[in-house]
Amino acid sequence: MSVEAKAKYHGKVLQVAVPSPLRRVFDYLPLPQQQASREPQAGIRVKVSFGRQQLIGIVVAVANSSILEKKKLKPILASLDTEPLLNDAVFKILLWAANYYQHPLGEVFAAALPAKLRNGIPLREKSKVWTASKPSTSQASLLGRAVKQKALLSFIRSAGEVTESKLRQAGFSKMLLAQLLQKNLIEEHSRTEAAAASFEALEPESNFDLELNEEQLVAVTTISKALHGYKCFLLNGITGSGKTEVYMRIMQKQLSKGLQCLVLVPEIGLTPQTIARFKQRFSCLVVSLHSGLNETERMTAWLQAKDGSAGIVIGTRSAIFTPLANPGLIVIDEEHDASFKQQDGFRYSARDLAVSRARQESISIVLGSATPSLESLHNAQCNKFVHLHLTQRTGIDQPSAMEVIDVSNEAMTEGFSEQLLYRIRKHLQQRNQVLVFINRRGFAPILNCQTCGWICECENCNTQFTVHANPPSIRCHHCGATARLPQSCPSCKSNDLNTLGIGTQRIEKFLQKQFNHTPVIRIDRDSTRRKYSLEKMLEEINKGDPCILLGTQMLAKGHHFPNITLVAILDADSGLFSADFRGQEHMGQIIVQVAGRAGRADRPGEVLIQSRHASHETLQTLANKTYAEFSKSQLKQRMSAQLPPFSHLCLLRAEASERQPALQCLDAIAQFCQRFSAHNSLPIEQLGPLPAPMEKRAGKYRVQLLLKTNKRGNLQALLSSLCAELEGMKLPRSVRFSIDVDPQDLV
Ligand code: ADP
Ligand code: ZN
Ligand code: ZN
């Protein structure tokens, strides 16, 4: 039976998405005619009563009937906008994403809008203006000898209309204004700020003399030819090959037609330097959207994008939802970066949504990376993306040579083999800089008791506390819990506590002792927490004096260090044998990215990778062949294991303060999934329900069920009916259930 046939009410109905965890829209009646200034339309905000609350929702559609009876339908309380907040493309992407990621629509809109708009603030602030009343001599004579009031009145008459700032500039007080108002000599009006004008099309660049190399030229020409419509390009270029230069040339072309460009960068990549680089190059307004903004700044930048007054919008993940008046191009830099996938709440992939959005807006999109994700490489192989290559470093001759050091039989000192220490010394003696990479911050990952074997674990999580040196403390890297460093074992009272494993702080201490005349600069999340501390460290390094740069993956992004000639990867094995099927891919990307920071023409770089499994094929391919070869062999493995991109995954997760309810919840869901796929003959594999690899995190037990299929459509069909079923299933309140489509993190 169709919805129309079931309808109990015929007439205009607003389907409203409200910020609630329910995955559906709610029907409301429009305001009665005499109160509404305009026909209601999709995309505007409305205030509605919802249960006992008053909420702000978005009209998703205007329907002609409802399955509810008239007496159950409430009219909206107010309509907050006269125009849709988001342009059509962004609106459609959000509807699509809510459906694809199975996330409540109201929460999806909430994620896309600046907080001020979510809270109901008008899109454009109203301002007051004053005009003179119709002249009447009798009234004017009221002023008598009030010279100042007379002056103000004639000022307003000659200006026609004045704003508060005009009055202030002319030196009139608010009191004078009030006096005129009281005598009815002037009238007060409120006026909505007009949208700012679109930015002016940029002149073609004339002051730029950089000559593109042949590959850059091919890339720019190929992309330029496709700029009239949708196409997705994968710009696969080694670090320093001039990808950014290619983006900027294409952006220039669009900006000169008055079209806006949206540039997404990874969380760590959005540095003041990145923004400065674009500001320096282009004369149009460049706005940035990131987590460091306050709400007023965010709202301003968002409006400038929406109005079309900003030519370039640079932002992290959520900037993908910024409406653009005149969209011309989307660029995703470092497209492989994991920060493009949101890991909680609305678990979307900004990269994937960007591709959908570009298609929706009929514009082109460029995904750039030195180490593209296997997903994107696969799309290029299937001809969904156009693959462009930049294989030459501009102005830098040789990419660094990689070598694996076999440490399986070596005595190691604080994570360093003798050979590695020798090589570091040599590079420093030649007055070069050295980079040491380890993906673990803190002093040591384990604190244990030598006497009884007790290990210091976080009570909230299934994981050890990391020991930190400054101040001496233990911290959980998963829930943020922190405590004083224990002086004795709580289990056997022995004082014989020992730290195991290595972290950046421990290595810093060791290197300072080993190379006591050389500065050691540690770059990790702890050392760069203070504002500008990273900039200061980078400045120090760029002076060029011999130093050891030590850090985590923060080093793998954005910055180039021309004086570094040796890159040491302390430990490749954790990535090689990770529980996560993407472990090797991520290891390869990080090694190649870190290696790309080093070397220049007169001083070619060296990369040394320590491993206990030096002959491992994956490592050998990475070290002796190209990233392209490496990713090809990774893709082969994924294909034979039928893992993404050759299949599609969805992770269903239940979390609760106890294990049992979480497990029960997923058991019920697993049974539903089984019945549904059997009934509809959908080949969907189920793994679980099983405890998550890290079963307890931040005080919650986590159980998960992994669904796998080779057709997205199958999964979507299952998830949609699962969500419909869930509404009636009444999960225990204590269980939090979540759906992660295309999960990045299975731990
Ligand atoms: P990527 O983004 O691929 O890492 P960039 O675009 O940042 O590379 O380029 C690296 C450096 O090379 C920059 O300083 C840039 O100005 C310079 N560069 C880019 N293209 C050329 C070129 N064709 N000739 C000379 N230098 C170039
Ligand atoms: Zn003990
Ligand atoms: Zn914890």
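The values are calculated or read from the model by the stated rules, or taken from the named source; none is laboratory data. All of these numbers come straight from a predicted model, not from anything done at the bench. As a convention, Cβ positions derive from the backbone with ideal geometry for all residues, glycine included, and neighbour counts pool all protein chains shown. Remember, those area values only see protein heavy atoms, side chains included, never the ligands or the DNA or RNA. Shrake-Rupley method; radii C 1.70, N 1.55, O 1.52, S 1.80 Å.
Residue-wise test of (1) more than 16 Å from ligand 2 (Cβ to nearest atom); (2) among the hydroxyl-bearing types (S, T, Y).
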position	(1), (2)
C456	no, no
N460	yes, no
Q464	no, no
I474	no, no
G503	yes, no
I507	yes, no
P519	yes, no
S527	yes, yes
### Message
So for the stretch 541-559 (the condition being within 30 Å of the chain's Cα centre (by Cα), in a helix (DSSP H, G or I), modelled with pLDDT of 90 or more and not β-branched (V, I, T)), does at least one residue qualify?
### Response
no
### Message
Would you confirm whether or not the stretch 36-50 contains a residue that is free of Cβ contacts under 8 Å to residues at least 40 places away in the same chain, outside any loop (DSSP other than H, G, I, E, B) and open to solvent by 50 Å² or more (accessible area, probe 1.4 Å)?
### Response
no
### Query
From the residues in the stretch 730-746 that are of a type in the set (A, V, I, L, M) and open to solvent by less than 50 Å² (accessible area, probe 1.4 Å), which one is nearest to R675 (Cα to Cα)?
I739
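A quick yes/no check of all residues on (1) at pLDDT 90 or above; (2) assigned to a loop (DSSP other than H, G, I, E, B); (3) within 16 Å of ligand 1 (Cβ to nearest atom):
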residue: E215; (1), (2), (3): yes, no, yes
residue: I223; (1), (2), (3): yes, no, yes
residue: G229; (1), (2), (3): yes, yes, no
residue: C232; (1), (2), (3): yes, no, no
residue: I268; (1), (2), (3): no, no, yes
residue: K279; (1), (2), (3): yes, no, yes
### Query
If you check A370 against the conditions, is it touching a Pro at 6+ places or on another chain (Cβ under 9 Å) and in contact (Cβ under 8 Å) with a residue 24 or more places away in the chain?
no
### Query
Looking at the stretch 315-340, which of the residues that are over 15 Å from A305 (Cβ atoms) and open to solvent by 10 Å² or more (accessible area, probe 1.4 Å) is nearest to the chain's Cα centre (by Cα)?
R317
### Task
Name, by its number, the condition in (1) among the β-branched types (V, I, T); (2) surrounded by 15 or more Cβ atoms within 10 Å (Cβ to Cβ); (3) modelled with pLDDT under 85 that does not hold for T163.
(2)
### Message
I'd like to verify a number: residues in the stretch 145-155 that are out of contact with any helix residue (DSSP H, G or I) (no Cβ under 8 Å at 6 or more places or on another chain) and surrounded by 10 or more Cβ atoms within 10 Å (Cβ to Cβ), how many?
### Response
2
### Task
Considering only the stretch 689-727, state which residues are closer than 17 Å to H103 by Cα and open to solvent by 60 Å² or more (accessible area, probe 1.4 Å).
R712, A724, E725, E727
### Task
Hey, could you check the stretch 493-517 for residues that are open to solvent by less than 50 Å² (accessible area, probe 1.4 Å) and in a loop (DSSP other than H, G, I, E, B) and say which is farthest from ligand 3 (Cβ to nearest atom)?
F515
### Query
Which residues, taken from the stretch 438-484, are more than 15 Å from ligand 3 (Cβ to nearest atom) and among the aromatic types (F, W, Y)?
F443, W454
